[in-house]
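Participant: One structure coming up, written as structure tokens, with questions to follow.
The values are calculated or read from the model by the stated rules, or taken from the named source; none is laboratory data. Remember, predicted model here, so these are calculated numbers, not experimental data. Cβ coordinates were reconstructed from backbone atoms using ideal geometry, including for glycine residues, and neighbour counts include every protein chain displayed. Heads up: the accessible areas ignore ligands, DNA and RNA and are worked out on the full protein's heavy atoms, side chains in. Shrake-Rupley method; radii C 1.70, N 1.55, O 1.52, S 1.80 Å.
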Amino acid sequence: MATVLAERDMTQANGLSWFGIIRLGTVQAAIGAIVMLATSLLNRVMVVEYSIAAAIPAALVAWHYAVQLSRPLWGHKSDQTARRTPWIVGGMGILALGAVLAVDATIMMANPGVGAFLLAIVSFTMIGLGVGVSGTALLALLASRVSVERKPAAAAISWTMMVAGIVIAAGVSGAYLDPFTAPRLAIVSSFVALIAFCLAMLALKGLEDKNPVVARPQADQQSASFPDVLKDIWQDKEARRFTYFVFISMLAYSMQDLIMEPFAGFLFEMTPGQSTQLSSLQHSGILLGMLLSGVGGSLYTKRFGQNLKLWIVLGCLGSAVMLAGLSIAATTGATWPLKANVFGLGVANGVFAVAAVSAMLGLASKGVASGEGARMGVWGASQAIAFGTGGLTGAIIVDQLRAFTGEDVTAFQIVFGVEAIMFILAALVATGTKIARPNQSREAMEI
């Protein structure tokens with residue numbers, strides 16, 4: 001009997017295998033692929049092919065982020081059930097159906113009417129709801145079943161596969177959409193959503209049932225009411241500070257989204273193709289940074305113990321330095337090594353992003369009344385608010401400064417400088433958060 005209990009403890013300590021983590025990463029990739037249809041492909045089709053005002057798809061994307069403010073509720077609901085897989089499956093279904101309806105709404109905008117816009121609002125509501133339900137439950141499942149030593153690498157694998165899912169879906173969609181027609185858009189988009197959904201279902205099959213939790217939830221976590229759960233999270237100093245950190249860092253991270261290519265065009269006279277390649281270079285740096293943070297973080301944890309604050313601070317300060325470099329580049333022009341600077345920004349962004357996600361996985365199980373789902377939901381909602389306002393805020397500030405000063409250089413300098421300061425502030429907030437947890441595998445061995 002003692003041997004059986006010891007083996008059970010060892011299983012809980014080890015958590016998900018690397019293959020199991022990759023399977024959950026496949027689900028994350030599927031979510032990214034479907035979301036890409038709405039936030040990237042349909043955005044372009046509405047504006048370019050159907051001459052819809054750019055503010056309309058921008059508002060729809062912002063609305064899908066606003067819907068994700070419900071993440072804490074869905075996370076709490078998943079905490080109260082025995083299994084999270086049904087929540088992921090249900091969320092993925094809502095997401096895939098919402099994406100297909102969004103395509104229908106986009107096609108209807110060829111002859112704009114009230115029906116098209118109402119359907120667009122409904123579909124983007126479903127997309128935001130689907131992402132919130134499936135994404136929160138997925139991260140909670142990952143947090144509860146991955147050992148401490150593997151969490152940095154698990155975060156890197158999960159986020160790298162999500163980016164890969166976006167890239168692959170964008171590449172496949174782009175390859176088969178030409179020449180563009182409405183039926184072709186409907187067929188290609190539906191196939192992307194269907195294949196992504198089926199891959200996610202295959203990846204999830206039997207995974208949760210065969211892998212017990214690493215740390216069992218306390219009884220209070222399943223019986224507490226939603227208001228009590230939110231109160232527990234907000235009274236926890238670590239969780240509250242980490243929520244601030246997520247918002248500040250992700251706001252700084254997303255402010256550059258809509259201004260990087262205009263920056264390259266206005267001040268470095270790059271063509272649209274060249275600025276797109278610059279964006280691709282930045283995303284390559286992000287992937288490299290994610291891998292460095294994941295592999296380096298796991299190796300560091302094995303040798304010295306977990307210290308995620310180190311990686312978060314390195315990523316944030318590195319991002320601040322690179323943004324300061326872009327601010328300088330605005331004055332020097334073509335003599336500045338812009339490509340190296342942008343690639344370095346991507347690497348620093350990737351390092352801090354994976355370290356932050358790993359910290360989420362580590363802090364998620366520390367609540368008395370709040371479980372992994374509720375905590376992941378709060379941080380996911382904070383991230384959604386930051387993403388929803390960051391890109392739009394950066395673009396608006398640049399536009400207003402250009403109009404007020406009459407100079408492109410000053411406008412971009414100020415915005416990049418503000419982003420750099422925000423990353424430094426995020427690093428300062430992170431250093432006050434105890435995001436290193438006790439070695440659970442060692443505790444399990446002692447038990």
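Participant: Going by amide H atoms built from the backbone, whose H comes under 5 Å of the H on VAL146, apart from near neighbours?
Facilitator: Under 5 Å from the amide H of VAL146: LEU16, VAL214.
Participant: Here's another thing I want to ask about it. If you take the square roots of the eigenvalues of the alpha-carbon gyration tensor of region 239-315 and sort them as a ≥ b ≥ c, do you get rounded (a/c under 1.5), prolate (a/b over b/c) or oblate?
Facilitator: The shape class here is oblate.
Participant: Rounded to whole Å and sorted largest first, list the principal axis extents of the Cα atoms in region 92-237.
Facilitator: Cα spread of region 92-237 along its principal axes, largest to smallest: 55, 32, 28 Å.
Participant: If you don't mind, another one. Find me the longest stretch of the chain that has none of the exposed GluC sites (Glu not before Pro), where exposed means in a DSSP loop (not H, G, I, E or B) with at most 16 other Cβ atoms within 10 Å.
Facilitator: Between the exposed loop sites, the longest stretch runs 1-268.
Participant: Could I ask something else about it? Quote the charge dipole size of the chain about the Cα centre in Debye, to the nearest 20; the model charges only the Cβ of Lys and Arg (+1) and of Asp and Glu (-1). Write out the running numbers ahead of the final one.
Facilitator: Details: 28 positive and 24 negative charges, 220 e Å.
Once rounded to the nearest 20, the dipole reads 1060 debye.
Participant: Could you tell me what a quarter of the Cα convex hull surface of region 272-327 works out to, in nm² with one decimal place? Could you put the intermediate results ahead of the total?
Facilitator: Details: hull surface 17.1 nm².
It is 4.3 nm².
Participant: Further, regarding this structure: Hey, what number do you get for the chain at 222 nm if only DSSP H runs of n ≥ 4 count, each worth -39500 (n - 2.57), divided across all residues, to the nearest 500? Numbers along the way, then the final one.
Facilitator: Numbers: 19 runs with 356 residues, N = 447.
Result for the chain, helices only: -27000 deg cm²/dmol.
Participant: Then there's this: Report the far tail of the P(r) of the chain, meaning the percent of Cα-Cα pairs longer than 31 Å. Mind dumping the intermediate values first?
Facilitator: On the way: 40874 of 99681 pairs.
Looking at the chain, the distances longer than 31 Å represent 41 percent of pairs.
Participant: If you don't mind, there's one more thing I want to ask. Let me have the relative contact order for the chain, percent, based on Cα pairs under 8 Å that are six or more residues apart. Could you put the intermediate results ahead of the total?
Facilitator: Working: 762 pairs, mean separation 120.4, N = 447.
Relative contact order comes out at 27 percent.
Participant: If you add up the charges near ALA143, with Lys and Arg at +1 and Asp and Glu at -1, over every other residue whose beta carbon is less than 10 angstrom from its beta carbon, what do you get? Spell out each step's value before the answer.
Facilitator: Numbers: positive: ARG145, LYS151, ARG375; negative: GLU372.
Result for the local shell: +2.
Participant: Sorting ASP408, ASP79 by accessible area (1.4 Å probe), largest first, what list results?
Facilitator: ASP408, ASP79
Participant: Here's something else I'd like to know. Given a 1.4 angstrom probe, I'd like the percentage of the accessible area of the chain that is carbon and sulfur, rounded to a whole number. Mind showing how you got there, number by number?
Facilitator: Details: 12810 of 18950 Å².
Answer for the chain is 68 percent, counting heavy atoms of protein chains only.
Participant: Follow-up. Apply the membrane-span-like helix rule to the chain: whole DSSP H runs, Cα extent along the own long axis of at least 20 Å, mean Kyte-Doolittle hydropathy at least -1.0. List the helices found. Provide the component values of the computation, followed by the final result.
Facilitator: Values: long enough: 18-36 (26 Å, 1.55); 85-108 (34 Å, 1.65); 114-145 (46 Å, 1.83); 151-177 (38 Å, 1.37); 182-204 (33 Å, 2.15); 237-255 (27 Å, 0.37); 272-304 (46 Å, 0.19); 308-332 (36 Å, 1.71); 338-363 (37 Å, 1.58); 372-405 (48 Å, 0.54); 408-431 (35 Å, 1.87).
The qualifying helices are 18-36, 85-108, 114-145, 151-177, 182-204, 237-255, 272-304, 308-332, 338-363, 372-405, 408-431.
Participant: What number comes out for the charge environment of GLN282, summing +1 per Lys or Arg and -1 per Asp or Glu over other residues with Cβ under 15 Å away? Mind dumping the intermediate values first?
Facilitator: Numbers: positive: LYS339; negative: ASP257, GLU261, GLU419.
Net charge in that neighbourhood comes out at -2.
Participant: In nm, what is the difference between 0.36 nm times the number of residues separating PHE19 and TRP234 and their Cα-Cα distance? List each step's numbers first, then the result.
Facilitator: On the way: separation 215, 0.36 × 215 = 77.40 nm, distance 3.50 nm.
Value of the extension gain: 73.9 nm.
Participant: Which of the listed residues, ALA164, VAL354, VAL213, is farthest toward the dipole's positive end in the chain, when Lys, Arg count +1 and Asp, Glu count -1 at the beta-carbon?
Facilitator: VAL213
Participant: Here's a follow-up. Can you check what the net charge comes to around GLY206, using other residues whose Cβ is under 15 Å from the Cβ of GLY206 (Lys, Arg +1; Asp, Glu -1)?
Facilitator: Numbers: positive: ARG23, ARG83, ARG84, ARG145, LYS205, LYS210; negative: GLU208, ASP209.
Residues near GLY206 contribute +4 overall.
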